[in-house]
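Here the structure comes first, spelled out in structure tokens, and everything after it is commentary.
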Amino acid sequence: MPLMSPEQYKASLRDGRTVYYRGERVEDVAAHPVLGVAVEHAAIDYRMAEDPADRPLAVAEGPEGPCSRYYHIPRSADDLLKRSALIERATALGGTLVVLIKEIGTDALCALHLLASHTDRTKGTAYLPRVQKFYEHCRRGDLAVAVAQTDVKGDRAKGPAEQAHPDYYVRVVSEDREGITLRGAKVHTSVSVNAHEIIVLPTRNMGAGDEAYAVACAVPANAPGLTMIASPYGSRKGNEFETPISARHKMIETLTVFEDVKVPWERVFLKGEVDMAGPLAKTFVEFHRFTAVSYKLPLVDLFVGASRLMAEYNGILRANHVRDKLARLISYAQICRGMAREAARECKVVDGIAVPNAELINIAKLHFAENYHQALAWVIDIAGGLLVTGPSKEDLDHPRLGELVSKYLGGAGGVPAEDRLKLINLIAEITTTDFAGYQAVLAIHAEGSIEAEKLTIFASHDARASVEYAKKLAGIGG
Ligand SMILES: Cc1cc2nc3c(=O)[nH]c(=O)nc-3n(C[C@H](O)[C@H](O)[C@H](O)COP(=O)(O)OP(=O)(O)OC[C@H]3O[C@@H](n4cnc5c(N)ncnc54)[C@H](O)[C@@H]3O)c2cc1C
């Protein structure tokens, strides 16, 4: 099958899936006034494959002809670097918002390949052929794939089997000759309303007693029993002048409810092997954090570019404190970029798949997340209070008010008020609007919490040489 066109993608989402928005069933997500913005945003992926300028990056040579580069399993550092460049480019076209309809699904598919081969080798199971078959189905169909990993979790201090009710983690309630039956709910599932397939992964380590919860599988988005309740966050529709990013770009998360969803055996990739749940969750996250840092790059670049331009517009570019803040913003952006590239270059190849360096990519993600709000403070400081007090598009278009706005809100060196306000509104989108709030929560929580990143850094760093060095300098142990 050839690559899907943007129009085919949008039409393919009319498949009877059960999506609710603000209490109402949505029959056609592509035609919905809010969800449709997310579908248009996602279609960037398919448009890139058709655009001669982006096609060399977006399309790779697959075993059966051209396929989306996301479905090219990374075999080397170079493959990871190209994958990162593709994610960065797609996100730049998305106005700093990641597209994600193939990024996250292929992160999961890479992890599933690795864990299925390991499980088959060590336990005599036969998961790998199922993973390969499902992967080929997605590649051949050029499909959009969401990942439902995060369970609703209830009491975080308790494991899946210890919760107040048995459905706080998605579980297998029964099985028969055809397959398994799933019950429970995942939360924060991005792009599910506009994906074709949803990969279900475990979210944590599990132990004896958690067998029913140690499950990984794939479910079509229109599977009977699957209900997606879309979040309305950021649904206030703004115009392109006041909200230049969010008027055109959006990602939707859902509470994804499995009410006895039947999954045939050929789509079950883990069932009951409790000791593999944690490693699968962790392996997915290592790929996904590489995706994450790659998609943060357009945003951190915009911090630099927009702040510098604003400094010019406000006549403060020569001020020492402004140059100091711009230098720190540049460092913030370049450390993220450099660390992502280094994590690719320092990858290790396991069973033929290039895995980004876990220590380096977690350091990159931690650096991004922990310094995010400080970076925002520098951007806000340079931009000034107009971020939340500026006039509207209607004022600018009004004959008399427009004259007043133009007279009083111009910038240094004759910069017209309209240009200055356009830039202010762009900066507001990444610092003060609903979209900025979404990006801020995404920065802290998406792809796993800050604490999870620290744990991984601690666990993956080999400190033996530095400990020996300390001992030697201290004169310990002769
Ligand atoms: C915009 C967005 C998009 C996302 N997209 C997806 C997606 O597509 N698919 C998906 O599966 N997930 C997705 N996520 C989920 C994301 O991975 C989680 O938000 C993240 O793992 C944190 O989980 P949580 O939100 O349940 O918060 P919590 O786990 O409740 O974390 C809140 C705090 O509690 C702490 N905490 C939690 N448990 C413990 C514990 N046992 N001991 C000590 N401290 C603890 C955490 O460290 C943190 O400080 C998305 C999240 C966001 C915000």
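Condition first: open to solvent by less than 10 Å² (accessible area, probe 1.4 Å) and small (Gly, Ala, Ser). Can you find one or more residues in region 20-32 that meet it?
For region 20-32, residues open to solvent by less than 10 Å² (accessible area, probe 1.4 Å) and small (Gly, Ala, Ser): absent.
Does Val261 count as in contact (Cβ under 8 Å) with a residue 60 or more places away in the chain, of a type outside the set (Ser, Thr, Tyr) and open to solvent by less than 10 Å² (accessible area, probe 1.4 Å)?
yes
Of a type in the set (A, V, I, L, M, F, W, C) and open to solvent by 30 Å² or more (accessible area, probe 1.4 Å): is that true of Leu35 in this structure? Steps first, please.
On the way: of a type in the set (A, V, I, L, M, F, W, C): yes; open to solvent by 30 Å² or more (accessible area, probe 1.4 Å): no.
Considered against the rule, which asks whether it is of a type in the set (A, V, I, L, M, F, W, C) and open to solvent by 30 Å² or more (accessible area, probe 1.4 Å), Leu35 comes out as no.
Looking only at residues that are part of a strand (DSSP E or B) and either in contact with a strand residue (DSSP E or B) (Cβ under 9 Å, 6 or more places away or on another chain) or under 27 Å from Ser307 (Cβ atoms) (or both) in region 328-377, which one is least open to solvent (accessible area, probe 1.4 Å)?
Ala354
If you check Thr91 against the conditions, is it at positive phi, touching a Pro at 6+ places or on another chain (Cβ under 7 Å) and at pLDDT 95 or above? Don't jump to the end; show me each part of the working.
On the way: at positive phi: no; touching a Pro at 6+ places or on another chain (Cβ under 7 Å): yes; at pLDDT 95 or above: yes.
So Thr91 fails the test.
Would you call His321 farther than 23 Å from Phe435 by Cβ and modelled with pLDDT of 95 or more?
Here the answer is yes, as His321 does meet what is asked.
Has region 401-409 got at least one residue that is modelled with pLDDT of 95 or more, away from the ligand (no atom under 16 Å from the Cβ), loosely packed, with under 13 Cβ neighbours inside 10 Å and not acidic (Asp, Glu)?
Scanning region 401-409 turns up at least one residue that is modelled with pLDDT of 95 or more, away from the ligand (no atom under 16 Å from the Cβ), loosely packed, with under 13 Cβ neighbours inside 10 Å and not acidic (Asp, Glu).
Select from region 430-461 the residues that are more than 10 Å from the ligand (Cβ to nearest atom) and under 29 Å from Leu387 (Cα atoms) and list them in ascending order.
Ile430, Thr431, Thr432, Thr433, Asp434, Phe435, Ala436, Gly437
May I ask you to list the residues in region 197-207 that are near the ligand (Cβ under 10 Å from one of its atoms) and open to solvent by less than 10 Å² (accessible area, probe 1.4 Å)?
Ile198, Ile199, Val200, Leu201
Could you pull out every one of the strands (runs of 3 or more DSSP E) wholly within region 124-196 that has 2 or more residues that are open to solvent by 40 Å² or more (accessible area, probe 1.4 Å)?
Working: elements: 145-148, 171-175, 179-190.
In region 124-196, 171-175, 179-190 are the strands (runs of 3 or more DSSP E) which contain 2 or more residues that are open to solvent by 40 Å² or more (accessible area, probe 1.4 Å).
State all residues of region 85-119 that are polar (S, T, N, Q) and either more than 27 Å from Arg130 (Cα to Cα) or within 16 Å of the ligand (Cβ to nearest atom) (or both); if no residue qualifies, say none.
Matches in region 85-119: Thr91, Thr96, Thr106.
For region 208-224, which residues satisfy the criterion of being open to solvent by 30 Å² or more (accessible area, probe 1.4 Å) and not acidic (Asp, Glu)?
Scanning region 208-224 gives Ala208, Gly209, Ala212, Pro220, Asn222, Pro224.
Are there any pairs, at least 6 apart or on different chains, whose C-beta atoms fall under 7 Å, with the first in region 374-385 and on the phi < 0 side of the Ramachandran plot and the second open to solvent by less than 50 Å² (accessible area, probe 1.4 Å) and charged (D, E, K, R), and if so, which?
Pairs that qualify, where the first residue is on the phi < 0 side of the Ramachandran plot and the partner is open to solvent by less than 50 Å² (accessible area, probe 1.4 Å) and charged (D, E, K, R), are Trp378/Lys325; Asp381/Lys325; Ile382/Lys325.
Tally the residues that are more than 20 Å from Glu370 (Cβ to Cβ) and outside any strand (DSSP E or B), restricting the search to region 257-297.
17
The values are calculated or read from the model by the stated rules, or taken from the named source; none is laboratory data. Keep in mind that what you see is a predicted model, and the values were worked out from it rather than measured. Cβ coordinates were reconstructed from backbone atoms using ideal geometry, including for glycine residues, and neighbour counts include every protein chain displayed. With ligands, DNA and RNA removed, areas are computed over all heavy atoms of the protein, side chains included. Shrake-Rupley method; radii C 1.70, N 1.55, O 1.52, S 1.80 Å.
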